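Working notes for the structure below.
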Amino acid sequence: MADGFCENTTVDEGIAQGIRTQLHFEGGDLIVQKTFDAEPHLQYAKEARLATQGMNWGDGRMIGHIPQIFYAQICAIRDRTEREKAVTRFFQENPAFIMFERFKA
C-alpha cells in the first residue's frame, strides 16, 4: 500500500463564525488552512466611526469593534487587567476597527 494520496485534494469545510476552513491533502501531509474575512467588520467600524464624528466621550459611544474570533481569545484571559490590556493592544495593532475617532488620540 502506498503512503499518502495519489492526488492533491482540497476539502472546503465552508464558513463558520466568519472563518473558512480548508483541508489540503498533499502527498502524505494534511494542511489545515483557516482564513478570516475582516471586510464586513471593517465596513461596520468605518460606518460607526463616521456616525460618531464630533461626538464627546460622554455620549455613550463604543470605542471599537472586535470581531468574534479575536474577542473569544481576549475573553479567555482570566485576569481582568490583562484582558483590558489585550483590548487596548488589539486596537493599537488594528486601528481600522476603532469606531470612535477620538479614541485614537
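For segment 53-95: of the residues being surrounded by 14 or more Cβ atoms within 10 Å (Cβ to Cβ) and among the small types (Gly, Ala, Ser), which is modelled with the lowest pLDDT?
Among those that are surrounded by 14 or more Cβ atoms within 10 Å (Cβ to Cβ) and among the small types (Gly, Ala, Ser), it is Gly64.
Could we say that Lys46 is part of a strand (DSSP E or B) and not aromatic (Phe, Trp, Tyr) here?
no
Check off (1) within 28 Å of Arg20 (Cβ to Cβ); (2) in a loop (DSSP other than H, G, I, E, B) for Tyr71 and give me the number that stays unchecked.
Of everything listed in (1) within 28 Å of Arg20 (Cβ to Cβ); (2) in a loop (DSSP other than H, G, I, E, B), Tyr71 misses just condition (2).
Inspect segment 12-34 for any residue being under 30 Å from Glu101 (Cβ atoms), in contact with a strand residue (DSSP E or B) (Cβ under 7 Å, 6 or more places away or on another chain) and not in a helix (DSSP H, G or I) and give the result as yes or no.
Yes.
The values are calculated or read from the model by the stated rules, or taken from the named source; none is laboratory data. The shown structure was predicted, so the numbers you read here are calculated from the model rather than taken from an experiment. Every residue, glycine among them, receives a Cβ derived from its backbone with ideal geometry; neighbour counts consider all protein chains shown.
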